[in-house]
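Only one structure is covered here, and it is reproduced in the block below.
The values are calculated or read from the model by the stated rules, or taken from the named source; none is laboratory data. Everything numeric in this text was worked out from a predicted model, so none of it was measured. Reconstructed Cβ throughout: ideal geometry from the backbone, glycine too, with neighbour counts over all protein chains shown. Calculation scope for accessible area: heavy atoms of the full protein, side chains included, ligands and nucleic acids excluded. Shrake-Rupley method; radii C 1.70, N 1.55, O 1.52, S 1.80 Å.
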Amino acid sequence: MFKNYFKTAWRGLLKNKAYSALNILGLATGMAVALIIGLWVYSQYSYDKFLPDYKQAYQVRRNFYGNGDTMNYGGTSLKLVNVLRSQVPEIQYVAETDGFSMHGLMVADKKFYINGGQVGNDFLKIFRYDLLEGNATTVLNNPYSIVLTQSTAKALFGKEDPLNKVVRFDNKNDLKVTGVLKDIPPNSTLQFSYLVPFSYLESTDDFVKIARTKGFGWTNFMTFVKLKPGISYAQAAPKIRDLEKAETDNFMSMATNIILDPVANWHLYENFDKGKLVSGFIEYVNIFTIIGILVLLIACINFINLTTARSEKRAREVGVRKAIGSGKNHLIFQFLTESVLLTFIAFIFSILLVQLALPAFNTLTNASIKIPFTNYIFWLIAFSCVLITGLVAGSRPAFYLSSFEPVKVLKGKIHVGKAAALPRKVLVVLQFSCSIALIICTYIIYQQVQYAKDRSSGYDKNRLMITDMNADLGRNYVAIKNELIEKGIAEAVTTATASVTTGGNHRDVEEWPGKRPGESVDMGWIRVSDDYFRTLGMSMKEGRNFNAPSDTLNVIFNEAAVKLLRLQNPLNQTITWIDTKFRIVGIVKNALMGSPFAPADPTMFFYDPNPQDVIMYRLSPNVKTQDAITKLTAIFNKNNPAYPYTYTFADDGYAAKFKLEILIGKLAGLFAALAIFISCLGLFGLAAYIAEQRTKEIGIRKVLGASVSQVWLLLSKDFIVLVLISCVIASPVAFYYMHDWLQQYDYRITITPVVFVIAGITAIVITIITISFQAIKAAMANPVKSLRTE
């Protein structure tokens, strides 16, 4: 019996090749979109889940109550590290780190400037990355040791065994390789190429030695912990929360609570509100999950519409089957079998489409997604989804067709007029509502990105280059600066503790004029050297620039800092910062060093003649960029031979701030286009069917004098009306969700009616183009042939 069902279903597909092709193409495209989104969503949820005991691993963070709000920071002190180790028995391991950053590694003539971490001894006990060589309990015990990843070891030592070999670190000391890690998976939040013991940093950096003896306010480090097996965060939280309040002479400590951020949340949740995780990348994951479901739903609607629209063609088949004894259940099973078979064929094509599209999709999203062909769970889920999709898509046609009464059908009295057409119209409205809503969302995302891009950054990004500073560069900075200026390669050079595209660190201002009792204000700060504002192209609003070298006790505010402290006449007023009094000598205009979607960060600039963490230089206007880079490489290699010359352009760094929004806009646009494409496939099929059903009517109208345009309008107007209804439904839905999405940005657009008009016109134009082929074809047919009787 089952064999007969499948043979009949297969013959039906071959008999109606055009409609079968439309159905398969629509379903395959919808399933391919759903599959790609499903794989992408799974990859986002899989971050860090490969780590054994990941549920027990956390980052220590601090909620600080200031500026009338609760702010959350990942910076912690070494004193807190010691207290966590000694006073919280629920914690099994604690590992401190300076944060993962770039350092120089050199072996013979091979030199690299790559990202790594200086971490506490327990780091690999908390995060159990695969160790190919060495012992996780001992590889970080020796201060002068280093653990390399597999690819880093290969780059430095080739095919030689790297164990016990020596690597020159930051051109200061030789470190012995004590372990080799398997390359860090791409779905790891922490990405690094090597690990160095934190004890090395402590033994070679006086600041870290001092920090170990200081209080909770020295929050220059990061801390990770692992709770003991069977211990939950709820059990440990009460003992951790108020640890810093023991330091009663420090307001910054008294106003903090300690919390733990689970590793499972790191990738998807990053935004804190009132000290609690509330959102992050998870919002976009949820959005695209919904989009994947909607696109698949649109494809299923196509199947339902195209199948029920041609029900009249199969009405006599149903009548004959019922007359010779087929029951309703048998017919339902037959039609569902056809639906599942067609869905399975579409799934095979969707796998092919996904395989072809994944390289481009991975490039676009910077992902490494692939179809897990060898994973039986994937196939189990996939075939379950195929079965469910086939049953859902085929349910209405099956129940509708099997309900025909054989006597009426065989007498030719079956009528599939308005009653049958109404559900199809509802489904067309539903699928076009989804498609138009996606068009509106794509356009609003584009507007928001362009709005922020058009905003003045407050500094000149053109031809501005940035290079990280190191000890060798610091010693030779004056010589490098002089050579760049004298040779006409750069017109201005400076250094600072932070790049212009990243913004400064934050710390509380202790005293200022007009401070209220108990008030605390957190502000950004940057130490700068000569020519900082001139190099960056930032403009002074009032006051003066720094006069080296006598300005080390003076400070320059930006406009946002003046506003935050409510200073009416800021020039020559004094503030206290880190127990030192500074006099305000200038006000500089705001610059967007942080997010271009947010207000300018209140920032203080302090003068320090010593070279800082980054060197920034603006190329001379008469020098070609490529020629300048060639000359810069030679100068930096001469003065910094232990490091490769590395650089970034400020405009590239600024553009990277839009990376997420641009990606979301591109994906939304892509999926909106595919949703429209699938919807148009359905319209094309329905238009062909309606033109076929009304062949004689069109012939009579043409004999009576109807023009081609009149016939075209006759066949097109119903579809255009349905799309207009879809616009009316989609607009408020899209407005609701996009208005909510825009609230995360302080600097945002106002949604105007123009967006909805453009989306509506776009949908109508696409609809007209889709149905015009069939409508014009029917209108131009010879009425003599149309009116011939069978």
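Spin-label model, Val757/Asn82: points 7 Å from Cα along the beta carbon direction are separated by 6.9 nm.
As an exercise, use a Förster radius of 41 Å and the Cβ-Cβ distance of Ile231 and Val733 to find the FRET efficiency, rounded to the nearest 0.05.
Numbers: r = 45 Å, r/R0 = 1.11.
The computed FRET efficiency comes out at 0.35.
Near Asn271, the amide H atoms lying under 5 Å from its own belong to Val278, Ser279, Gly280; only residues 5 or more places off or on other chains count, and H is placed 1.01 Å from N.
Tell me the per residue accessible area of region 169-302 using a 1.4 Å probe; a whole number in Å² is fine. Walk me through the numbers before you get to the answer.
Details: 5700 Å² over 134 residues.
Each residue of region 169-302 exposes 43 Å² on average to a 1.4 Å probe.
Spin-label model, Ile381/Ile485: points 7 Å from Cα along the beta carbon direction are separated by 6.1 nm. Mean separation of Cα pairs under 8 Å and 6 or more residues apart, divided by the residue count, gives region 464-600 a relative contact order of 25 percent. As a length-normalised measure over Cα pairs under 8 Å and 6 or more apart, the relative contact order of the chain settles at 15 percent.
Helical content of the chain, expressed as a calculated mean residue ellipticity at 222 nm, amounts to -16500 deg cm²/dmol (DSSP H runs of 4 or more residues, -39,500 (n - 2.57) each, divided by residue number, nearest 500).
Sorting check: for 82-92, 460-470, which peptide has the highest mean count of neighbouring beta carbons within 10 Å, and how do the rest follow? Write down the numbers at each step before the final one.
On the way: 82-92: 15.7, 460-470: 18.8.
So the order, starting with the most tightly packed, is 460-470, 82-92.
Using C-alpha pairs below 8 Å separated by at least 6 residues, the relative contact order for region 62-132 is 22 percent. If the chain linking Phe399 and Ile293 were pulled fully straight, counting 0.36 nm for each residue of separation and taking away their Cα-Cα distance, it would gain 35.8 nm.
Please compute the net charge surrounding Pro162, taking Lys and Arg as +1 and Asp and Glu as -1 over other residues with Cβ under 15 Å from its Cβ.
Values: positive: Lys110, Lys154, Lys159, Lys165, Arg168, Lys176, Lys182; negative: Glu133, Glu160, Asp161, Asp174, Asp183.
Result for the local shell: +2.
How large, in percent, is the carbon and sulfur part of the accessible surface of the chain at a probe radius of 1.4 Å? Kindly include the intermediate steps, with their values, before the conclusion.
Numbers: 21520 of 36530 Å².
Carbon and sulfur together cover 59 percent of it.
Membrane-span-like helices in the chain, defined here as complete DSSP H runs extending at least 18 Å along the helix axis by their C-alpha atoms with mean Kyte-Doolittle hydropathy no lower than 0.5, are 17-45, 282-309, 328-365, 376-401, 418-453, 659-693, 708-742, 753-779; this is a sequence and geometry rule, not a statement about a membrane.
Say R0 is 30 Å: what FRET efficiency, to the nearest 0.05, do Asn462 and Lys638 get from their beta-carbon distance? Don't skip to the end; give the middle numbers.
Numbers: r = 27 Å, r/R0 = 0.90.
Taking R0 as 30 Å, the efficiency between Asn462 and Lys638 is 0.65.
Give the aspartates and glutamates whose C-alpha is closer than 18 Å to that of Lys274, dropping any in the same chain fewer than 8 places away, or say none. Those aspartates and glutamates meeting the cut-off are Asp69, Asp242, Asp261, Glu519, Asp522, Asp746.
Can you give the FRET efficiency for Lys370 and Asp746, using 1/(1 + (r/R0)^6), R0 = 41 Å, r = Cβ-Cβ distance, to the nearest 0.05? Present the calculation step by step, with values, prior to reporting the outcome.
On the way: r = 39 Å, r/R0 = 0.94.
Taking R0 as 41 Å, the efficiency between Lys370 and Asp746 is 0.60.
Between Lys154 and Leu663, full extension at 0.36 nm per residue minus the direct alpha carbon distance yields a gain of 179.9 nm.
Note on region 44-103 and region 589-653: Cα centroid distance 31 Å, given to the nearest whole angstrom.
In a shell of Cβ-Cβ distance under 13 Å around Gly116, excluding Gly116 itself, what net charge do Lys and Arg (+1) and Asp and Glu (-1) give?
Numbers: positive: none; negative: Asp98, Asp170.
Its environment carries a net charge of -2.
Averaged per residue, region 12-115 has 40 square angstrom of accessible surface, using a 1.4 angstrom probe with ligands and nucleic acids left out. For the cross-link pairs Lys79/Lys172; Lys209/Lys276; Lys481/Lys631; Lys182/Lys370; Lys214/Lys657; Lys110/Lys165, the ones whose C-alpha atoms lie over 24 Å apart are Lys79/Lys172; Lys209/Lys276; Lys214/Lys657. The amide H of Thr70, built 1.01 Å from its N in the peptide plane, has Lys274 as neighbours under 5 Å, considering only residues 5 or more places off or on other chains. Between Gln568 and Leu724, the contour length at 0.36 nm per residue exceeds the Cα-Cα span by 50.6 nm.
In whole Hz, with x marking every Gly and Pro, tabulate ³J(HN,Hα) for region 121-127 from phi via Karplus 6.51 cos²θ - 1.76 cosθ + 1.60, θ = phi - 60°. With coefficients 6.51, -1.76 and 1.60, one gets 4, 8, 4, 7, 8, 7, 10 Hz. Projected over every direction and averaged, the convex hull enclosing the alpha-carbon atoms of the chain yields 43.7 nm². Amide hydrogen proximity for Gly543: with H placed 1.01 Å from N in the peptide plane, the residues at 5 or more positions away or on another chain lying under 5 Å are Ile587.
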